[in-house]
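Undergrad: If you scroll down you'll find the structure; I have some questions about it.
The values are calculated or read from the model by the stated rules, or taken from the named source; none is laboratory data. Keep in mind that this is a model prediction, so the values were computed, not measured. Backbone-built Cβ (ideal geometry, glycine too); neighbour counts: all protein chains shown. Just the protein is used for accessible areas: all its heavy atoms, side chains included, with ligands, DNA and RNA removed. Shrake-Rupley method; radii C 1.70, N 1.55, O 1.52, S 1.80 Å.
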Amino acid sequence: MTQSPSPDGSRMGPTRISTLVVAALAAAAAAWLLISSLYYNRLPPLPWLPVVTLAGLAVLEAYAAVNTRGRIDRRPGREPVNPLMVARFVVLAKASALVGAIFTGFYAGLTGWLFVQTTQAAADDRPAGVAGVVAAAALVAAALWLERSCRVPERPEDEHEPDDWESRPGRR
């Protein structure tokens, strides 16, 4: 079933991978420029809290993807899905994918710079930087999975129910 765009031409579609790649590359460049222009040794150690937060969000969104797909498919033992909840999950997934891409790029730029540096402070921050890249990439993957899980499955042609227009007699 294809949806026609609204009269003003706007329509929310699936998240484009190209958009996420551009956001990640821009964030990586910004991180590299920001960290290289600052005196790195005076900055506090790289914190682990954002890494844990990104990983936690990735786990929650992956769980929501599994649960939502089962409810949309009406698997046995699952309650029917609330359409408003699915719409909220789609918005969450689209936002999380973009934020995850930005964090992936930022952590990648920062981590790349940390591996170029030979200072002890840079070496101490490398594990948190690598973990940040992994956690942010996991959030992107979970968000894209959640977005895909919220799609309504295509029905076979033999199950097609006529809409109001097709069921009305008369000229078309």
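Undergrad: From the list 76, 153, which one is assigned to a loop (DSSP other than H, G, I, E, B) and in contact with an Asp or Glu (Cβ under 9 Å, 6 or more places away or on another chain)?
TA: When all the criteria are applied, what remains is 153.
Undergrad: In region 106-122, how many residues are out of contact with any helix residue (DSSP H, G or I) (no Cβ under 6 Å at 6 or more places or on another chain) and either part of a helix (DSSP H, G or I) or of a type in the set (Gly, Ala, Ser) (or both)? Steps first, please.
TA: Looking only at region 106-122, we keep the residues that are out of contact with any helix residue (DSSP H, G or I) (no Cβ under 6 Å at 6 or more places or on another chain), and these are 112, 115-120.
Adding the requirement that they be either part of a helix (DSSP H, G or I) or of a type in the set (Gly, Ala, Ser) (or both) leaves 112, 115-116, 120.
Counting residues in region 106-122 that are out of contact with any helix residue (DSSP H, G or I) (no Cβ under 6 Å at 6 or more places or on another chain) and either part of a helix (DSSP H, G or I) or of a type in the set (Gly, Ala, Ser) (or both) gives 4.
Undergrad: Something else about it: Which residue is farthest from the chain's Cα centre (by Cα), if the candidates are limited to region 10-44 and must be hydroxyl-bearing (Ser, Thr, Tyr) and assigned to a loop (DSSP other than H, G, I, E, B)?
TA: Step by step, filter region 10-44, then rank; the result is 39.
Undergrad: Same structure, new question: Quick one: would you say residue 142 is out of contact with any Lys or Arg (no Cβ under 9 Å at 6 or more places or on another chain) and modelled with pLDDT of 95 or more?
TA: yes
Undergrad: Could you list all residues from region 73-105 that are among the β-branched types (Val, Ile, Thr) and out of contact with any helix residue (DSSP H, G or I) (no Cβ under 7 Å at 6 or more places or on another chain)?
TA: Let us first name the residues in region 73-105 that are among the β-branched types (Val, Ile, Thr), namely 81, 86, 90-91, 99, 102, 104.
91, 99 - these are the residues of region 73-105 that are among the β-branched types (Val, Ile, Thr) and out of contact with any helix residue (DSSP H, G or I) (no Cβ under 7 Å at 6 or more places or on another chain).
Undergrad: Quick check: anything in region 60-80 within 14 Å of the chain's Cα centre (by Cα) and within 29 Å of residue 37 (Cβ to Cβ)?
TA: no
Undergrad: Same structure, new question: Considering region 111-134 alone, what residues qualify as being among the hydrophobic types (A, V, I, L, M, F, W, C) and open to solvent by 10 Å² or more (accessible area, probe 1.4 Å)?
TA: Scanning region 111-134 gives 113, 115, 116, 121, 123, 130, 131, 133, 134.
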